[in-house]
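For reference, the structure discussed in these notes is given below.
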Amino acid sequence: MELQTEIAGIALDHPLMNAAGTCKLLEEAQALSRSAAAAVMVGSITLQPRSGHSGNVYWSGAHYSLNSLGLPNRGAEYYQKVLPQMADAAHQEGKPLFVSVAGFSPREYAELANLAFEKGADLVELNLSCPNVWRSGAQERVICFSSALVAKVLRRVEERVGPEAKVAAKLSPFSDPLALAKVAEVLSRSKIIKAVTAVNTFPNALGYAGEEPVISAGDGFAGLGGPALKPIGLGQVRQLRRLLPDYIQIIGVGGITHGQDIWEYLKSGAAATQVATAYLERQERVFSALLGELLEIPGA
Ligand code: DHB
């Protein structure tokens, strides 16, 4: 099986990397650089430092994981300092550095994308799908569900970083196929979008351990990932592959636990894949283990 692939014109040795949400610190980026991952994905980062939610913010079982981390990260000032070191660490191992950014306005996305490119990112992933941000008890909107807002973000980012920039958009799972088609059209019309990452966690899931929700933030609501997300992720990837022009590559993510899952995402139209839950559970060794399994699939 031919493992080499490409995202937004960036060559990758194989189609597996970590997903956003799993690497926020310099030491983590260094560990990923040394791992068998094909690229290093940092973030999501925000302009202001955020301590994230407290209490139980992550839970994982055999069938799914739940998280409401609350976008913990050290903010622009820290990343300004460490992104060049992260880029060096990745580049020394022959890997590109991808940076996921989460703004609270179109202007913030533009600022963050610009910062990431200036400090060495090879590709910026716009996180248009964070489900876990609450302000004064009210949940912030998940941006990708408003195509007007997505268009505004893309316009601002393009004005700031130029049309040639290598930008990906990360989406939530859409239950309405026509709404997915509409956002795909907005993404297709933007010059900056060269890749789409599908999917983020399914918003506002709820799990109990005895009498209490397993996640303590946000009234128990949490993004769902892990194996239960895989059929949804595969369906989103296949729909997007039909909706998007060929030059926009798809990065498949959601529930990858075995090499077979990577193969299924590739068959569905993804050019590369990401792991979050499986990486958090198994650390860096997950990359070589899954790639080994992928290579052993008969006829793949
Ligand atoms: C968080 C979760 C997400 O799914 C995401 O896209 C961004 C942030 C979080 O809770 O930190």
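Somewhere in the stretch 200-214, is a residue of a type in the set (Val, Ile, Thr), in a loop (DSSP other than H, G, I, E, B) and closer than 27 Å to Leu280 by Cα?
Just the residues of the stretch 200-214 that are of a type in the set (Val, Ile, Thr), to begin with: 201, 214.
From the residues that got through so far, the ones that are in a loop (DSSP other than H, G, I, E, B) too are 201, 214.
With the extra rule that they be closer than 27 Å to Leu280 by Cα, the set shrinks to 201, 214.
Among the residues of the stretch 200-214, at least one is of a type in the set (Val, Ile, Thr), in a loop (DSSP other than H, G, I, E, B) and closer than 27 Å to Leu280 by Cα, which makes the answer yes.
Any chance you could count how many residues in the stretch 22-45 are in a loop (DSSP other than H, G, I, E, B), among the hydrophobic types (A, V, I, L, M, F, W, C) and more than 16 Å from the ligand (Cβ to nearest atom)? Quick ask: steps written out before the conclusion?
If we filter the stretch 22-45 for residues that are in a loop (DSSP other than H, G, I, E, B), which is where we start, we get 22, 24-25, 35-39.
Then keep just the ones that are among the hydrophobic types (A, V, I, L, M, F, W, C); that gives 25, 36-39.
The next check asks that each one be more than 16 Å from the ligand (Cβ to nearest atom); those that pass are 36-39.
Residues in the stretch 22-45 being in a loop (DSSP other than H, G, I, E, B), among the hydrophobic types (A, V, I, L, M, F, W, C) and more than 16 Å from the ligand (Cβ to nearest atom): 4 in total.
Restricting attention to the stretch 165-180, report how many residues are polar (S, T, N, Q) and within 16 Å of the ligand (Cβ to nearest atom).
Initially, the stretch 165-180 is screened for residues polar (S, T, N, Q), giving 172, 175.
Those left that are additionally within 16 Å of the ligand (Cβ to nearest atom): 172.
Qualifying residue count, the stretch 165-180: 1.
Taking the conditions exactly as written (under 18 Å from the mean Cα position of the chain (by Cα) and more than 16 Å from the ligand (Cβ to nearest atom)), does Ala19 satisfy them or not? Break it down into steps so the answer makes sense when it comes.
Details: under 18 Å from the mean Cα position of the chain (by Cα): yes; more than 16 Å from the ligand (Cβ to nearest atom): no.
The answer is no for Ala19.
Determine whether the stretch 88-108 contains at least one residue that is out of contact with any helix residue (DSSP H, G or I) (no Cβ under 7 Å at 6 or more places or on another chain), among the aromatic types (Phe, Trp, Tyr) and crowded, with 20+ Cβ neighbours inside 10 Å.
yes
Quick one: is Gly252 modelled with pLDDT of 95 or more, small (Gly, Ala, Ser), part of a strand (DSSP E or B) and over 19 Å from Leu154 (Cβ atoms)? Spell out how you get there, then give the answer.
On the way: modelled with pLDDT of 95 or more: yes; small (Gly, Ala, Ser): yes; part of a strand (DSSP E or B): yes; over 19 Å from Leu154 (Cβ atoms): yes.
Yes.
Can you find, within the stretch 71-87, the residue that is farthest from Pro131 (Cα to Cα) among those that are within 15 Å of the ligand (Cβ to nearest atom) and either among the polar types (S, T, N, Q) or surrounded by 18 or more Cβ atoms within 10 Å (Cβ to Cβ) (or both)?
Let us first name the residues in the stretch 71-87 that are within 15 Å of the ligand (Cβ to nearest atom), namely 71-75.
Filter once more, keeping what is either among the polar types (S, T, N, Q) or surrounded by 18 or more Cβ atoms within 10 Å (Cβ to Cβ) (or both): 71, 73-74.
On the way: Leu71: 10, Asn73: 16, Arg74: 19 Å.
The residue in question is Arg74.
Consider Lys194 against the criteria (1) within 19 Å of the chain's Cα centre (by Cα); (2) of a type in the set (Lys, Arg); (3) more than 23 Å from Asn18 (Cα to Cα): it satisfies all of them except one. Which criterion is unmet?
Lys194 satisfies all of (1) within 19 Å of the chain's Cα centre (by Cα); (2) of a type in the set (Lys, Arg); (3) more than 23 Å from Asn18 (Cα to Cα) except (3).
Scan Val186, Val214, Val167 and give me the residue that is at pLDDT 95 or above, closer than 30 Å to Pro15 by Cα and out of contact with any Lys or Arg (no Cβ under 7 Å at 6 or more places or on another chain).
On the way: Val214 fails: closer than 30 Å to Pro15 by Cα; Val167 fails: out of contact with any Lys or Arg (no Cβ under 7 Å at 6 or more places or on another chain).
Among Val186, Val214, Val167, only Val186 is at pLDDT 95 or above, closer than 30 Å to Pro15 by Cα and out of contact with any Lys or Arg (no Cβ under 7 Å at 6 or more places or on another chain).
So which pairs qualify, if the first residue must be in the stretch 8-31 and among the basic types (Lys, Arg), the second must be within 16 Å of the ligand (Cβ to nearest atom), the Cβ gap must be under 8 Å, and the two must be at least 6 apart or on different chains?
Lys24/Val42; Lys24/Gly43; Lys24/Ile45; Lys24/Pro72; Lys24/Asn73; Lys24/Arg74
Checking the structure you have, find out if any residue of the stretch 122-144 is surrounded by fewer than 17 Cβ atoms within 10 Å (Cβ to Cβ) and either touching a Lys or Arg at 6+ places or on another chain (Cβ under 7 Å) or within 24 Å of Pro15 (Cβ to Cβ) (or both). Show your work before the answer.
Restricting attention to the stretch 122-144, the residues satisfying the condition of being surrounded by fewer than 17 Cβ atoms within 10 Å (Cβ to Cβ) are 134-141.
Then drop every residue that is not either touching a Lys or Arg at 6+ places or on another chain (Cβ under 7 Å) or within 24 Å of Pro15 (Cβ to Cβ) (or both), which leaves none.
No: the stretch 122-144 contains no residue that is surrounded by fewer than 17 Cβ atoms within 10 Å (Cβ to Cβ) and either touching a Lys or Arg at 6+ places or on another chain (Cβ under 7 Å) or within 24 Å of Pro15 (Cβ to Cβ) (or both).
Hey, among the residues in the stretch 106-141 that are assigned to a loop (DSSP other than H, G, I, E, B) and at pLDDT 95 or above, which one's nearest to the ligand (Cβ to nearest atom)?
Ser129
This table checks each residue for (1) in a loop (DSSP other than H, G, I, E, B); (2) in contact with a helix residue (DSSP H, G or I) (Cβ under 6 Å, 6 or more places away or on another chain).
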residue: Ile232; (1), (2): no, no
residue: Gly235; (1), (2): no, no
residue: Arg242; (1), (2): no, no
residue: Asp246; (1), (2): yes, no
residue: Thr257; (1), (2): yes, yes
residue: Gln260; (1), (2): no, no
residue: Leu280; (1), (2): no, no
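The values are calculated or read from the model by the stated rules, or taken from the named source; none is laboratory data. As the structure is a prediction and not an experimental result, all values here were calculated from the model. Cβ coordinates were reconstructed from backbone atoms using ideal geometry, including for glycine residues, and neighbour counts include every protein chain displayed.
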